[in-house]
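Note sheet for the following structure.
Each value in this text was obtained by applying a stated rule to the coordinates, not by laboratory testing. Because the structure is predicted, anything quoted here is derived from the model rather than measured. Cβ sites come from the backbone with ideal geometry, for glycine too, and all protein chains shown count toward neighbours.
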Amino acid sequence: MSLLRIRKPKTRKGKKVLLAREPQLIESARTMLFVDGRKCGGNVKLCMKDLQQLKKPLVKVLNRKNDITPFDDPSSLEFLTMKNDAALFTFGSTSKKRPDNIIIGRIFENEVLDMFELGIKRYQSISEFKNEKIGACVKPCLVFNGPKWAQTEELRRLRNYFIDMFQREKVESIRLQGIEHVLSFTVTEDMSILMRSYKILLKKSGQKTPRIELEEIGPSADFSIRRTKIASDDLYKLARKQPKQLRVTKKKNISTDALGNTKGRVHLGKQQTGSIQTRRVKALKKSPEEKRADRQKKKVALKAAAVEALSTAD
């Protein structure tokens, strides 16, 4: 039985590269690889160019044309992603059978985890919107409109992929002026996906909180879902598994609400009220005003009793 040879790195740089490819406790933001098919042009090229602009600087672009059919044989695509150390990919192609075709997907353990084939029905690039754009490396707010995103497993995985696609470095806090970009995804009745991009404008409102307006800046696209290939439930659960070091241990009698406030519950034993000293406790003594009020009440009660006794005697 022959064992596979494991080539050890010969240089310090090679060792550093291999260590960076190993699983980390806190993974960095994922890089996306853009690959052109046999024929790629028109709306496909514009869409890939705009996605590169939204995803920068976490992109790697292969300009050469590749004879790849990901749904039939994804091995070539898996090799390219492994070589370029990219966990996400976008493959663009156009043909007579499937015009304006884009395949998006993600990799787990150097194998395709999820893959979605989208057809471009209508597309407006960023350059067609003649207005002021946002800055580079801006983390967008994602909005998923409609209840259909939770109706089928394919749409749930596609929504999770979009969140994974536009995910950037985690931040502890944000400021209001730092929220500049909104990406909206809507599922229509005919199962088309509408993607819209807006810039957030903060206007004066006469109060502390500004008035918010949205201005469309592109890209604007209508996609149709053609084919999907999603991972099994067991593989998907394995891909989402967190290491033990990052798991939040549940503490007894401590809970956190939706707003992040920590609440605790305190359990007290049975109180022995019979043994509490109450005779000489200053906190329980009556004030002079209270004593005078009690004496006045007693006098009124005595007078009322005397009057009642005289009336009964007569």
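Here are a few things to note about the model shown:
- Cleavage-rule hits, GluC sites (Glu not before Pro), region 185-278, DSSP coil, Cβ neighbours within 10 Å at most 14: GLU189
- Relative to its residue count, region 187-314 spans a Cα convex hull of 564 Å³ per residue.
- Anisotropy class of region 46-130 from Cα gyration tensor, a/c 1.5 cut: oblate
- Percentage relative contact order, the chain, counting C-alpha pairs under 8 Å, at least six apart: 14
- Computed P(r) (all Cα pairs; region 204-245; 10 Å bins; percent): 17, 17, 18, 23, 22, 2
- Ordering ALA86, VAL44, ASN63 by the projection of their Cα atoms onto the charge dipole of the chain, which places +1 on the Cβ of Lys and Arg and -1 on the Cβ of Asp and Glu, puts ALA86 at the extreme positive end.
- Pairwise centroid distance, computed over Cα atoms, of region 167-181 with region 1-77, Å: 27
- Hydrodynamic radius (Kirkwood) for region 28-240, which is based on Cα pairs only, to one decimal in Å: 18.2
- Cβ-based charge dipole, the chain, positive-most Cα from GLY105, PRO140, THR209: THR209
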